[in-house]
Amino acid sequence: MGAIGLSGFRPELADDPSRYLKETSAGEERFDVLVKGARCAGCIAKIERGVKAVPGVREGRLNLSTGKLVVTGKSLKPETILRYIRDLGYDAQPFDAGEMLDAGDREGRFLLRCLAVAGFATVFTMGLTDAIWYGGGDLGGEARRNFFWLAGAVAIPATFYSGQPFFRAAWRSIRAGRAGMDVPISLALILSLGMSIYQTATDGAHTYFDASVMLTFLLLIGRYLDHRLRDRARGAARHLLAMQTLLVRRQAPDGTIQTVPARELMPDDMVMLASGDRAPVNGVLADRGTELDLSLVTGEVLPQAVAQGAVVQAGSVVTGMPVLLRATARVEDSLIADLARLLEAGQQVRNRYVRLADRAARAYVPGVFILSLAVMAGWLIAGAPLATAVTSAITILIITCPCALGLAVPAVQVVATGRLFRKGVFVKSGDALERLAQIEKVVFDKTGTLTVGNPVLCDRERIAPQILNRAARLARASRHPLACALAEAAGPGEAAGDVREVAGSGLERGTGADLERLGSAGWCGAENPGAVQLWYRHGSEAPVGFRFEDRIRPDARALVRDLEAKGLSVEMLTGDVPLIAARIAEEAGIAEWQAAVRPEQKARHLEALANAKIRTLMVGDGLNDAAALAMAHVSIAPGTAADISQKASDMVLRGGDLMPIAEAITVARKARRLVLENFALALAYNLTAIPMAALGMVTPLIAAATMAGSSLLVTLNALRLMGGGKT
Amino acid sequence: MTGIALLIMSALLVGLGALGCLLWALSSGQYDDLEGDAQRILIDFPEDQ
């Protein structure tokens, strides 16, 4: 199904190029393109040079991380540019999702700027104050105070600048009446600055200027890692946005053709669909019959011949003759939109999942406040002066500031997703890993997931080699899936030159006694075709049948065994007929399966599992799986899956191997263990630091050392996930 | 004492200078595509030869 990705859409831009062109400050035009499939230096060079060859283009610059190609020049022709890139072998879409992406970029750059300021301030302030903690006895009171003021002059503005992400988040959560992790963080930052100013002014011994900037620095590292993870998830969502800006060709009653956005289509509008186009809305074939690839709608691999007047569902791809489609519904009432709504419903279910870090914060935040109030009360009851009591309470807030806690989760998740990325699993969000660690059951789709999704000639031993070769000469002239499968089975060779393609029937060449035909049973004159899909007939010889079957992926069986060894139950759901389902299930070693399941039944099955409190991993690829993927506790889609399915799932596999699924579960479970260990480490640190702070024994030196130490500890612990070897 | 003060001030200036350079690099987009920049060094430019 990989052939029909975004490439199914071919927006014709000739009528309205200005929709995608922006004016730059230099008075030039700018055209943003989303390029899919660029991986290496060779791709960059090829694409940038290719684009430069287009008339009017001054420069093209490709961002490999985001896949965004910015083309600048004068009087640009978007359609020509897109065609050039596609001719180079890359999928290209006009980029219209700018708003959201730019916001993500800005946020990331702001965090980096904060990080830079905090890092600089940390080093500088520590250089000043730590000198005092070590050998400060030699410095006179005057010099010492100047050192502190100087440290403050750097630390105070630096903390206020780079602490902004925390202050803003804290303010938001206070207004919403929630106590997030950001509230104690902000409080600790502000209080430590305030106390340090007070101490310096009164010639006290303990200032926390260095601690406050270091806190900011360490917390920002965790925040930035977390942001990077989320940003990647947003990048994945971009592809669906590109899909929604689809343009279609509408034929007006007077026969003229306009290019309009698909969402403006009304019922009874005529839409022109060329071969390779995907139907944007539900409709009926108005002018003639054709062949449709329904793989994204029903999961069926082979194109279906449909007659004039047949009902076509949105998402079907035309593989035969170009047709006119009379729309019967608007985009938002069509199948894809239905699925999108189901997806949304599923995502809401999933949003109820509370991330581990948030669960920790809920217990942690009130605990810390109560503790510091209790310590203050304790000192006052013991008869200590107010200043001592307040100092101790503030010290508790500073020292318990969840520095290690802020790093505990993102550090592990970044290492885990990095490791999985190298193994061929693209993880779209951090909490997907947390959910994957909890699963008890795995549900597989069949076609395109457990199987390759392409037909393979299955009875070639029975067929005489010279017949196979002659049939293949015809087959090589066509791009029909069965013809491709036949050509592949015959191996490389030449294609016949004078092949005629007869829509809905097959291929033929020659005349009279030398007439060769490759196609449907009826057309080739075969009687009792049975389950044989493709026939070949030469002149008056008896027709020869070729039978094709979908083939199971080579590592499917090993994967199922591995999952069962991990203590998970495995089930297969398919829309295919029971006969084929039984064969595939047996080959894969799956005992529990259901056949002839419709898409909405799949989703309902997953919902039933969720209601029975069975946490399920769904693995599926088709448009018909998208709702089920969204409904599952966590979901994985193969890289060949429909875009909407990739959007609906939490992880996407690269390449055709299934084994990375087992690896992902292993890594997710390890990551969960490491996160819990990190929480334990952070807790142990607090349990030792809090009594010291309560008794007023914590000096700024100890505070700085323990804070940096505990952060280092959780980061190193997270790095243990990196090696890991083969498990 | 003046020696220390001078040294500290020059340290501050050098540090701020480095910080300024980093912030400039960030805002001029040099950190936008780390992956691509790592690969670009491998491209031969025929027009340069």
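Any read-out appearing in this document is the output of simple, stated calculations on the displayed coordinates, not a laboratory observation. Small disclaimer: the values here were computed from a predicted structure and weren't measured. Here the Cβ positions follow ideal geometry from the backbone for every residue, glycine too, while neighbour counts run over all protein chains shown.
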Self-check item: For residues of A:60-68, the mean tally of beta carbons on other chains within 10 Å
Solution: 4
Quiz item: In straight Cα distance, which aspartates and glutamates are under 13 Å from A:Lys670, not counting same-chain residues fewer than 8 positions off?
Solution: A:Glu434
Quiz item: Near the amide H of A:Val597, under 5 Å away, which other amide H atoms are found, from residues 5 or more places off or on another chain, if H is placed in the peptide plane?
Solution: A:Thr574, A:Gly575, A:Asp576
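Where does each of A:Lys446, A:Lys68 land when they are ranked from fewest to most other beta-carbon atoms within 10 angstrom? All intermediate terms of the calculation are to be shown ahead of the outcome.
Values: A:Lys446 29, A:Lys68 21.
Ordered from fewest to most neighbouring Cβ atoms within 10 Å, A:Lys446, A:Lys68 come out as A:Lys68, A:Lys446.
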Exercise. Assuming a ≥ b ≥ c are the square roots of the Cα gyration tensor eigenvalues, decide whether chain A counts as rounded (a/c under 1.5), prolate (otherwise, with a/b larger than b/c) or oblate.
Key: prolate
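Between A:Gln308 and A:Glu587, what FRET efficiency comes out of the Förster formula 1/(1 + (r/R0)^6) with R0 = 60 Å and r the beta carbon distance, rounded to 0.05?
Working: r = 40 Å, r/R0 = 0.67.
Efficiency at R0 = 60 Å is approximately 0.90.
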Quiz item: In the structure shown, do any of A:Lys77/A:Lys428; A:Lys446/A:Lys566; A:Lys36/A:Lys423 have a Cα-Cα gap over 23 Å, and if so which?
Solution: A:Lys77/A:Lys428
Quiz prompt | Whole-Hz ³J(HN,Hα) from phi, Karplus 6.51 cos²θ - 1.76 cosθ + 1.60, for the stretch A:427-437, glycine and proline x | solution = 8, 8, 8, x, 6, 4, 5, 4, 6, 5, 5
Exercise. Compute the FRET efficiency between A:Phe167 and B:Ile8 as 1/(1 + (r/R0)^6), taking r as their Cβ-Cβ distance and R0 = 35 Å, and round to the nearest 0.05.
Key: 0.75
Quiz item: Extension gain A:Trp149-A:Arg49, at 0.36 nm per residue separation less the Cα-Cα distance, in nm?
Solution: 30.3 nm
Quiz item: Please identify the GluC sites (Glu not before Pro) of the stretch A:454-536 that satisfy two criteria: DSSP loop assignment and at most 16 other Cβ atoms within 10 Å. Which are they?
Solution: A:Glu494, A:Glu527
Exercise. Would you kindly compute the Cα radius of gyration of the stretch A:564-716 and its largest Cα-Cα separation (Dmax), both in Å?
Key: 23.0, 76
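Once R0 is set to 22 Å, what does the formula 1/(1 + (r/R0)^6) return for the Cβ-Cβ distance between A:Arg654 and B:Asp32, expressed as a FRET efficiency to the nearest 0.05?
Working: r = 24 Å, r/R0 = 1.07.
Efficiency, from the Cβ-Cβ distance: 0.40.
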Quiz item: For the stretch A:485-498, what does the Karplus curve 6.51 cos²θ - 1.76 cosθ + 1.60, with θ = phi - 60°, yield as ³J(HN,Hα) per residue in whole Hz, taken in order and with x for Gly and Pro?
Solution: 5, 5, 4, 5, 5, 7, x, x, x, 8, 9, 5, x, 9
Quiz item: Between A:Ser75 and A:Met722, how many nm apart are label points set 7 Å from Cα along the C-beta direction?
Solution: 5.5
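Treating the beta-carbon of each Lys and Arg as +1 and of each Asp and Glu as -1, no other charges, what is the dipole magnitude of the protein assembly as shown about its Cα centre, to the nearest 20 debye?
Dipole size: approximately 1400 debye.
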Practice problem: List the trypsin sites (Lys or Arg not before Pro) within the stretch A:461-490 that fall in a DSSP loop (any state other than H, G, I, E or B) and whose Cβ has at most 14 other Cβ atoms within 10 Å. | Solution: A:Arg479
Quiz item: Out of residues 5 or more away from A:Leu653 or on other chains, whose amide H comes under 5 Å of its own, with H placed 1.01 Å from N in the peptide plane?
Solution: A:Phe426, A:Ala637, A:Gly639
Quiz prompt | Other-chain or far-sequence residues with amide H under 5 Å of A:Asn454's (modelled H) | solution = A:Arg551
Practice problem: Working from Cα positions, state the angle (0 to 90°, nearest 10) between the long axis of helix A:182-201 and the longest principal axis of chain A. | Solution: 30
Quiz prompt | Cα-projected label distance for B:Ala18 with A:Gln601, points at 7 Å along beta-carbon direction, nm | solution = 6.7
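Could you line up A:Asp459, A:Asp514 from fewest to most neighbouring Cβ atoms inside 10 Å?
Lowest to highest Cβ neighbour count: A:Asp514, A:Asp459.
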Self-check item: Cα→Cβ-extended label distance, 7 Å offset, between A:Ala26 and A:Ala384, nm
Solution: 6.4
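Once a ≥ b ≥ c are taken as the square roots of the eigenvalues of the Cα gyration tensor of the stretch A:481-637, is the result rounded (a/c under 1.5), prolate (a/b larger than b/c) or oblate (a/b not larger than b/c)? Don't jump to the answer; show the numbers that get you there.
Values: a/c = 2.96, a/b = 2.63, b/c = 1.13.
In terms of gyration-tensor shape, prolate.
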Practice problem: Tabulate in residue order the Karplus-calculated ³J(HN,Hα) for the stretch A:400-405, using 6.51 cos²θ - 1.76 cosθ + 1.60 with θ = phi - 60°, rounded to whole Hz; enter x for Gly and Pro. | Solution: 8, 3, x, 5, 5, 5
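If you take the square roots of the eigenvalues of the alpha-carbon gyration tensor of the stretch A:560-640 and sort them as a ≥ b ≥ c, do you get rounded (a/c under 1.5), prolate (a/b over b/c) or oblate?
On the way: a/c = 1.44, a/b = 1.09, b/c = 1.33.
Note, shape of the stretch A:560-640 comes out rounded.
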Exercise. Multiply the residue gap between A:Ser569 and A:Arg362 by 0.36 nm, knock off their C-alpha separation, and tell me the result in nm, one decimal place.
Key: 71.2 nm
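Run the numbers for A:Val532 and A:Leu695: contour at 0.36 nm per residue of separation, minus the present Cα-Cα distance, in nm.
Numbers: separation 163, 0.36 × 163 = 58.68 nm, distance 8.52 nm.
Value of the extension gain: 50.2 nm.
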